[in-house]
1. Using only helices, what value at 222 nm comes out for the chain when you add -39,500 (n - 2.57) per DSSP H run of length 4 or more and divide by the total residues, to the nearest 500 deg cm²/dmol?
2. Counting other C-beta atoms within 10 Å, and keeping those with at most 10, which DSSP coil chymotrypsin sites (Phe, Trp or Tyr not before Pro) do you find in the stretch 65-110?
3. Placing unit charges on C-beta atoms (Lys and Arg positive, Asp and Glu negative, everything else neutral), compute the dipole magnitude of the chain about its Cα centre in debye, rounded to 20.
4. With a 1.4 Å probe and all protein chains kept in place, how much accessible area does PHE20 have, in Å² rounded to the nearest 10?
5. For the stretch 109-115, in order, what is each residue's ³J(HN,Hα) by Karplus, 6.51 cos²θ - 1.76 cosθ + 1.60 with θ = phi - 60°, in whole Hz (x at glycine and Pro)?
6. So what does CYS61 come to for accessible area, using a 1.4 Å probe and Å² rounded to 10?
7. At R0 = 35 Å, how high is the FRET efficiency between ARG102 and ALA31 if r is their beta carbon distance? Nearest 0.05 is fine.
8. Identify, among GLY121, ALA18, VAL66, the residue whose Cα sits farthest towards the positive end of the charge dipole of the chain, taking +1 on the Cβ of Lys and Arg and -1 on the Cβ of Asp and Glu, with the dipole about the Cα centre.
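The values are calculated or read from the model by the stated rules, or taken from the named source; none is laboratory data. Quick caveat: nothing in here was measured; it's all calculated off a predicted structure. Using ideal geometry, Cβ is built from the backbone for each residue, glycine included, and neighbour counts are taken over all protein chains shown. These area figures cover heavy atoms from the full protein model, side chains too; ligands, DNA and RNA do not enter into them. Shrake-Rupley method; radii C 1.70, N 1.55, O 1.52, S 1.80 Å.
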Amino acid sequence: MTERPRVLYAREPALDVAEFRRVLVESGLGALRPIEDGSRLRTMLSNADLLLTARWDRPDCSLIGVARCITDFAWCCYLSELAVSATAQGLGVGRGLLDETRRQLGPGVSIMLASVPSAVGFYERNGMTRLPDVFWYHREW
Ligand SMILES: CC(C)(COP(=O)(O)OP(=O)(O)OC[C@H]1O[C@@H](n2cnc3c(N)ncnc32)[C@H](O)[C@@H]1OP(=O)(O)O)[C@@H](O)C(=O)NCCC(=O)NCCS
């Protein structure tokens, strides 16, 4: 049996839009993000404050996960996308990206996010508190 390669976590401020899009699609999150609007996706990347990636540690370094955050690095962080390609799900990569996000931000910064229903158990499993009093203006498109 071949051993699974290690996963490398890194900050990638210049993450390529096609790679980002591919992981969104492969994770299933693409159904809820503007994957057909390249310009909007590019703006999402260029205006993000913290972009973390997970890649296989092998020659092609293929991207298997991403965490895209909006943060001031001092008080709060909104984790807008956490996505792991389906072939790499269930291997600890999502947790690894959450841990790396927390490590990069430090203990003085709170992290918030809006979960899709199917991922609620993942965030609970990984120690996040579910809040009842969160308010939201929904985007219109
Ligand atoms: C949700 C997602 C990010 C989780 O990443 P992952 O790499 O598959 O999860 P991990 O392997 O790191 O799981 C860590 C732990 O959480 C548990 N877990 C993972 N997904 C779970 C789920 N959907 N519900 C409950 N528990 C879950 C795992 O069993 C594991 O538990 P353990 O402590 O017993 O080992 C990933 O499945 C994904 O990208 N899903 C599609 C897109 C999505 O829903 N993103 C979140 C948008 S809000």
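1. -8000 deg cm²/dmol
2. Here the chymotrypsin sites (Phe, Trp or Tyr not before Pro) that fit, given the DSSP loop and packing criteria, are TRP75.
3. Values: 17 positive and 17 negative charges, 41 e Å.
Result for the chain is approximately 200 debye, rounded to the nearest 20.
4. PHE20 exposes around 0 Å² with every protein chain in place.
5. 10, 7, 10, 10, 6, 10, 8
6. Approximately 50 Å² for this residue.
7. Rounded to the nearest 0.05, the efficiency is 0.80.
8. Selected residue: GLY121.
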